[in-house]
1. Is there a residue in segment 91-101 that is assigned to a helix (DSSP H, G or I), surrounded by 14 or more Cβ atoms within 10 Å (Cβ to Cβ) and in the same structural domain as Asn121 (by TED's automatic domain parsing)?
2. Is it fair to say Gln4 is over 30 Å from His120 (Cα atoms), outside any loop (DSSP other than H, G, I, E, B) and at pLDDT below 90?
3. Do you know which residues across segment 21-52 are small (Gly, Ala, Ser) and over 24 Å from Leu9 (Cα atoms)?
4. Name the residues in segment 46-104 that are more than 20 Å from Glu33 (Cα to Cα), modelled with pLDDT of 85 or more and charged (D, E, K, R), would you?
5. Show the residue pairs that are 6+ apart or on different chains and have beta-carbon atoms under 9 Å apart, the first residue being within segment 54-82 and in contact (Cβ under 8 Å) with a residue 60 or more places away in the chain, the second being part of a strand (DSSP E or B) and surrounded by 17 or more Cβ atoms within 10 Å (Cβ to Cβ).
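The values are calculated or read from the model by the stated rules, or taken from the named source; none is laboratory data. Just so we're clear, the structure is a prediction, and the values are computed from it rather than from any experiment. Every residue, glycine as well, gets a Cβ built from its backbone with ideal geometry; the counts of neighbours run over all protein chains shown.
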Amino acid sequence: MAEQLRAALTARFPGLVVAGTFTPPFRELTADELAALQRQVAAARPDVLWVGLSTPKQEKFMAATWDRLEAGVLVGVGAAFDFHSGRVPQAPRWMQRGGLEWLHRLATEPRRLWRRYLVHNPSS
């Protein structure tokens with residue numbers, strides 16, 4: 001998906017420089033994998049390191065590694081990578097404008113998102 005995303009973004013935003021991509025395994029990185037990632041980021045020297053690992057995994061990753069990765073800033077993007085790569089469709093415009101993107105996502109991925117949206121996210 002990382003290469004799909006790179007292609008979609010560079011086509012949509014001419015002049016965009018994607019300094020590199022990294023697709024981690026579905027587990028914590030080993031010490032060797034983290035060291036390799038640190039070397040890759042140091043070599044690329046990105047101004048922004050976009051992190052799309054899903055919530056809360058991306059926030060935990062950024063909190064644990066921000067001081068070891070040589071990037072200007074780390075930004076968690078949630079489902080934006082899925083949307084921009086074309087892998088997951090976004091909600092219709094009227095739902096987006098009405099703040100109902102979450103409802104569209106819940107309807108399209110209920111098994112994965114129901115607990116996050118209906119148990120963890122409601123405001124008190």
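1. Taking segment 91-101 and keeping what is assigned to a helix (DSSP H, G or I), we get 93-97, 101.
So of that shortlist, the ones also surrounded by 14 or more Cβ atoms within 10 Å (Cβ to Cβ) come out as 95, 101.
Of the ones still in play, those that are also in the same structural domain as Asn121 (by TED's automatic domain parsing) are 95, 101.
So far as segment 91-101 goes, yes, one or more of its residues are assigned to a helix (DSSP H, G or I), surrounded by 14 or more Cβ atoms within 10 Å (Cβ to Cβ) and in the same structural domain as Asn121 (by TED's automatic domain parsing).
2. Working: over 30 Å from His120 (Cα atoms): yes; outside any loop (DSSP other than H, G, I, E, B): yes; at pLDDT below 90: yes.
Considered against the rule, which asks whether it is over 30 Å from His120 (Cα atoms), outside any loop (DSSP other than H, G, I, E, B) and at pLDDT below 90, Gln4 comes out as yes.
3. At the first step, the residues of segment 21-52 found to be small (Gly, Ala, Ser) are 31, 35-36, 42-44, 52.
The answer is Ala31, Ala35, Ala36.
4. Selection gives Asp47, Arg93, Arg97, Glu101.
5. Thr55/Gly76; Phe81/Trp50
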